Amino acid sequence: MILLPLDPPTARLSGPPPAPAEAQAWQDCVVTRHPGAAEWVQRRLGRAVQVVDHLHPHEIRPGTHYHGVFPLNLAADICRAGAQCWAISVQLPPALRGHELSAEQLEALDARLVRYQVDEVAGADPDFNPNPSPVQPD
């Protein structure tokens, strides 16, 4: 687990996971491996945030606001657990794809935090084909 204090915004503390009582004290958690994204969210919120580089579904805490870029299945897990899913939404030009972005670059690109409510509506079916080919008669 990594904690990001307000001052200085790029300081990162690492160590063992917090005790359950300490973990409950955090309302905002940023899930990212990117320091610029963590700093940008913290600036946007104007308060200290917890930063983790990975989130397992069993670690999701009800009432917590999770900020980041999430696969749909994890976003659904967050919402199902009674937490909030806030996506970092940015129109990234092709030239910047794959590059580490700073908080300043995210700001210049008009990044936004957008809350999503995601629900799974169908279970996984390995035989499901959303575009079946028409059956040809013999």
Hey, among Ala122, Ala111, which residue is open to solvent by 30 Å² or more (accessible area, probe 1.4 Å) and small (Gly, Ala, Ser)? Ala122
Here's a check for you: in region 62-102, which residue that is hydroxyl-bearing (Ser, Thr, Tyr) and in contact with a strand residue (DSSP E or B) (Cβ under 9 Å, 6 or more places away or on another chain) is surrounded by the most Cβ atoms within 10 Å (Cβ to Cβ)? Tyr66
Do any residues in region 58-79 that are touching a residue at least 40 places away in the same chain (Cβ under 8 Å) and closer than 22 Å to Gly46 by Cβ have Cβ atoms under 9 Å from those of residues that are part of a helix (DSSP H, G or I) and open to solvent by less than 20 Å² (accessible area, probe 1.4 Å), where the two are at least six apart or on different chains, and which pairs are they? His67/Ala37; His67/Ala38; His67/Val41
Taking region 47-61 only, how many residues are modelled with pLDDT of 95 or more, open to solvent by 10 Å² or more (accessible area, probe 1.4 Å) and either touching a Gly at 6+ places or on another chain (Cβ under 9 Å) or not in a helix (DSSP H, G or I) (or both)? 7
Within region 85-114, considering residues that are touching a helix residue (DSSP H, G or I) at 6+ places or on another chain (Cβ under 7 Å) and part of a strand (DSSP E or B), the one nearest to Leu45 (Cα to Cα): Leu113
Asp77 vs (1) of a type outside the set (A, V, I, L, M); (2) at pLDDT 95 or above; (3) not in a helix (DSSP H, G or I): all pass except (3)
Residues in region 1-46 that are farther than 17 Å from Glu107 by Cβ, modelled with pLDDT of 55 or more and charged (D, E, K, R): how many? 2
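The values are calculated or read from the model by the stated rules, or taken from the named source; none is laboratory data. Quick caveat, the model's predicted, so the values are computed rather than measured. Every residue, glycine as well, gets a Cβ built from its backbone with ideal geometry; the counts of neighbours run over all protein chains shown. Ligands, DNA and RNA are stripped out before the accessible areas are found, and what is left, the full protein with its side chains, is counted by its heavy atoms. Shrake-Rupley method; radii C 1.70, N 1.55, O 1.52, S 1.80 Å.
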